[in-house]
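Student: Okay, handing you the structure first.
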Amino acid sequence: VQLQACGGGLVQAGGSARLSCAASGSTFSINVMGWYRQAPGKQRELVATISSGGSINYADSVKGRFTISRDNAKNTVSLQMNSLKPEDTAVYYCKVTVGTVVNYWGQGTQVTVSS
């Protein structure tokens, strides 16, 4: 599975941004799709995930501000980020899980929120 992410960039605090990630290759067994982020000096953390059945999980820090969605026909997952804060600044990575244990990561895309 190959992942290609796009979106992000420089956004002012309070603004919005949208990330998208497209999966290609052996996509028929993709189960969970999601977004993670890693800020400088910090560990990578979960942002949001969505299962093939539509079950969604958000980090507490983004609940009510971020919305994850997926298009199973196109094998894409998107993250709409609203009311962005400087602490949302990070490199965002998409991840897909094939079956239950095989994970693939995208290349990462930078989101910088200026105050």
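Student: Output the residues belonging to the range 31-60 that are surrounded by 13 or more Cβ atoms within 10 Å (Cβ to Cβ) and part of a loop (DSSP other than H, G, I, E, B).
Tutor: Ala39, Arg44, Ser51, Ser52, Ala59
Student: Okay, moving on. Output the residues belonging to the range 4-18 that are part of a strand (DSSP E or B) and either in contact with a Phe, Trp or Tyr (Cβ under 6 Å, 6 or more places away or on another chain) or open to solvent by 60 Å² or more (accessible area, probe 1.4 Å) (or both). Break it down stepwise before answering.
Tutor: From the range 4-18, those part of a strand (DSSP E or B) are 4-7, 9-12, 17-18; that's our starting set.
Selection gives Gln4, Cys6, Leu10, Gln12, Arg18.
Student: Suppose we keep only residues that are part of a strand (DSSP E or B) and open to solvent by 20 Å² or more (accessible area, probe 1.4 Å) within the range 19-29. Which one would you say is farthest from Thr49 (Cα to Cα)?
Tutor: Here the residue is Ser24.
The values are calculated or read from the model by the stated rules, or taken from the named source; none is laboratory data. Model, not experiment: these values are computed from the prediction. Cβ coordinates were reconstructed from backbone atoms using ideal geometry, including for glycine residues, and neighbour counts include every protein chain displayed. The area values use the complete protein model at the heavy-atom level, side chains included, leaving out ligands, DNA and RNA. Shrake-Rupley method; radii C 1.70, N 1.55, O 1.52, S 1.80 Å.
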